[in-house]
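Presented below is the structure to which this report refers.
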Amino acid sequence: MITKKVLKNLEYDKILEKASNFAVLNKTKNLIKVLEPTDLLSYAQKFLEKTAQAYKLLFEYNVSNVIYY
């Protein structure tokens, strides 16, 4: 697992803050701000799959009018 010191050196909190600015809902902003990296491959793959599904819904099937950045 990545230590808190490494995350601080990488300014991980600033990355999460910038990422949270893309969220619309406050609840989502708060969830983004507390994300932590993982060293478990299966866990990471599970969330990458969810990201791929969300991308398809939003941009390939035009389920929402979200603007692609």
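Counting only residues that are surrounded by 10 or more Cβ atoms within 10 Å (Cβ to Cβ) and assigned to a helix (DSSP H, G or I), the stretch 19-44 holds 10 of them. The residues on offer are Leu16, Leu48, and the sole one that is in a helix (DSSP H, G or I) and open to solvent by less than 100 Å² (accessible area, probe 1.4 Å) is Leu16. Quick one: how many residues across the stretch 1-13 are open to solvent by 70 Å² or more (accessible area, probe 1.4 Å) and either modelled with pLDDT of 95 or more or over 18 Å from Ala44 (Cα atoms) (or both)? Selection size over the stretch 1-13: 7.
The values are calculated or read from the model by the stated rules, or taken from the named source; none is laboratory data. Quick caveat, the model's predicted, so the values are computed rather than measured. No Cβ is skipped: glycine too gets one built from the backbone with ideal geometry, and neighbour counts run over all protein chains shown. Heavy atoms of the whole protein, side chains included, go into the accessibility calculation; ligands, DNA and RNA do not. Shrake-Rupley method; radii C 1.70, N 1.55, O 1.52, S 1.80 Å.
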